[in-house]
1. For the condition among the aliphatic types (A, V, I, L, M) and in a strand (DSSP E or B), what is the one hit in LEU159, LEU144, LEU102?
2. If you go through the range 108-125 one residue at a time, do you hit one that is hydrophobic (A, V, I, L, M, F, W, C), at pLDDT below 90 and either assigned to a loop (DSSP other than H, G, I, E, B) or not assigned by TED's automatic domain parsing to the domain that holds ASP78 (or both)?
3. Name the single residue that is nearest to HIS146 (Cα to Cα) among those in the range 76-121 being in contact with a helix residue (DSSP H, G or I) (Cβ under 6 Å, 6 or more places away or on another chain) and not hydrophobic (A, V, I, L, M, F, W, C).
4. Before we move on, is THR154 modelled with pLDDT under 95, farther than 30 Å from GLU10 by Cα, loosely packed, with under 15 Cβ neighbours inside 10 Å and among the β-branched types (Val, Ile, Thr)?
5. Within the range 89-103, track down each residue that is in contact with a strand residue (DSSP E or B) (Cβ under 6 Å, 6 or more places away or on another chain) and among the hydrophobic types (A, V, I, L, M, F, W, C).
6. Looking only at residues that are closer than 19 Å to THR73 by Cβ and among the β-branched types (Val, Ile, Thr) in the range 88-133, which one is surrounded by the fewest Cβ atoms within 10 Å (Cβ to Cβ)?
Amino acid sequence: MKVVFIEDVEGVANGGEVKDVKPGFARNYLIPKNLAVIATHDSLQRLDKLRNQAEKDRIKKLNDMTLLGDKLTGTRLDLEMRSGPGGRLYGSVTNAIVAAKLSELLETTIDRRIIAISDSIRTVGLFTAKIRLHQEVDVEVELLVHPTDTDPETFIQQLADQDSTSDETELVEDDNDTDTINTESSNEPDKSNDEAGSEEQTETEDADIVEAELDSDTDDKVDEEKS
């Protein structure tokens with residue numbers, strides 16, 4: 001079915017374009033949502049006007065999404081989740097949960113499909129989600145997943161305390177490793193002195209052998225002269 005697109009449909013067509021699409025897609029989605037109309041003589045006469053309007057809408061949407069992205073930059077979403085021992089969640093944090101929280105914060109509907117979470121979130125803690133507001137506007141928001149009945153700020157402090165304790169433990173372990181290395185180094189025999197002593201002993205032995213050979217030659221000559 002040939003239709004005229006009234007607005008941009010990402011991945012399909014831009015406003016003011018004429019394209020062939022499947023009849024079901026046109027009747028069940030494009031036409032009911034006023035994204036396109038059936039290509040007729042009248043609608044084809046409006047192509048230039050539709051293209052101009054679509055371009056204006058495109059620029060406005062980009063500006064609006066850029067402003068929204070600036071507003072969201074640095075935002076932290078606090079997500080209260082049921083968890084068990086060790087901070088393990090009963091379930092996981094999905095893009096639908098994040099979309100609902102964003103919709104509540106911005107007082108507008110946010111499509112879950114524009115939210116990407118790189119790894120499955122199944123524990124409490126701090127995470128990051130990427131939001132594609134527009135083809136040219138991506139923004140990241142911080143997700144604080146905290147247990148139910150726990151104040152977000154209190155939980156943030158608990159996480160900071162855990163990180164501090166972990167850093168101190170690693171520092172102690174590094175110091176212990178350094179002490180162990182130093183102890184092992186001090187206990188190793190001084191190979192340089194041993195090697196030097198061995199070389200001196202070898203040189204002495206060589207000298208003794210040379211001296212003995214000289215004495216032997218001298219004795220032989222004396223015996224020859226006597227004879």
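The values are calculated or read from the model by the stated rules, or taken from the named source; none is laboratory data. Here the structure is a predicted model, which is why all the values come from computation and not from measurement. FYI the Cβ positions are ideal-geometry reconstructions off the backbone, even for glycines, and counts take in every protein chain you see.
1. LEU144
2. no
3. Selected residue: ASP78.
4. Judged against the criteria, THR154 is a match.
5. Here is the first cut: in the range 89-103, the residues in contact with a strand residue (DSSP E or B) (Cβ under 6 Å, 6 or more places away or on another chain) are 89, 92-93, 95, 98-99, 101.
Within the range 89-103, LEU89, VAL93, VAL98, ALA99 meet the criteria.
6. Here the answer is THR108.
One line per residue, one yes/no per condition, for (1) closer than 26 Å to GLY87 by Cα; (2) more than 17 Å from the chain's Cα centre (by Cα); (3) of a type in the set (A, V, I, L, M):
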residue: SER103; (1), (2), (3): no, yes, no
residue: ASP111; (1), (2), (3): no, yes, no
residue: ILE117; (1), (2), (3): yes, no, yes
residue: LYS130; (1), (2), (3): yes, no, no
residue: VAL137; (1), (2), (3): no, yes, yes
residue: VAL141; (1), (2), (3): yes, no, yes
